[in-house]
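The values are calculated or read from the model by the stated rules, or taken from the named source; none is laboratory data. Values in this document were obtained by computation on a predicted structure and should not be read as measured data. Virtual Cβ from ideal backbone geometry, glycine too; neighbours counted across all protein chains shown.
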Amino acid sequence: MKEGKAKILIAEDELLIAMDIKQKLEEDGYEVTSLVNTALEAITKVETDMPDLILMDIQLSGSLTGMEAADIISYKKNLPIIFLTNPLNEHIIAETKTRLQHAHLLKPIQTKQLYSTVEKVLIKSRTKPEIANSKSTRPTSYTF
């Protein structure tokens, strides 16, 4: 993956965490396209930034959760998403494991885990074109 580093969108409502992740990714050569703190901003930025990957906090500010934003984004663009969550959210972690092309990272984010998870998800999404190009079912109705 080193030859052409991916563009990554970070959706995280805790600014210090978002800045820390951004710094780590940029140190490893990735381009962070945007930092957003709401699900609606994430959905909008996907259209303009055209990222290769999204790091999405499950609990974002605003009317939609990160999981709901991921459903909408996956329907529209089918991008790989790494969910960020607190280790106490066991039921949510279990749900993210069932989602195709998605992974999760537990907070606080450890640098080695961040790098390895990003690489694994990007490699998986780029080597499985039949999955990446298939449309998921339409998400449940959200108002946005």
Across region 1-58, the tally of residues that are assigned to a loop (DSSP other than H, G, I, E, B) and either farther than 20 Å from L106 by Cα or touching a Cys at 6+ places or on another chain (Cβ under 6 Å) (or both) stands at 11
Test for S34: is it loosely packed, with under 15 Cβ neighbours inside 10 Å and farther than 21 Å from K112 by Cα:
no
Among residues belonging to region 91-132 that are in a helix (DSSP H, G or I), of a type in the set (A, V, I, L, M) and modelled with pLDDT under 80, point out the one that is surrounded by the fewest Cβ atoms within 10 Å (Cβ to Cβ).
A94
Of all residues being of a type in the set (D, E) and touching a Gly at 6+ places or on another chain (Cβ under 9 Å) in region 13-44, which is nearest to S125 (Cα to Cα)? Just the residue, please.
E41
Is one or more of the residues making up region 75-90 modelled with pLDDT of 95 or more, of a type in the set (A, V, I, L, M, F, W, C) and farther than 21 Å from A6 by Cα?
no
Going through region 1-12 one residue at a time, which ones are surrounded by fewer than 17 Cβ atoms within 10 Å (Cβ to Cβ), among the charged types (D, E, K, R) and out of contact with any Pro (no Cβ under 8 Å at 6 or more places or on another chain)?
K2, E3, K5
Conditions (1) surrounded by fewer than 19 Cβ atoms within 10 Å (Cβ to Cβ); (2) modelled with pLDDT of 95 or more; (3) over 16 Å from I17 (Cα atoms) -> D52 fails only (1)
From the residues in region 1-25 that are of a type in the set (D, E, K, R) and in contact with a strand residue (DSSP E or B) (Cβ under 8 Å, 6 or more places away or on another chain), which one is modelled with the lowest pLDDT?
K5
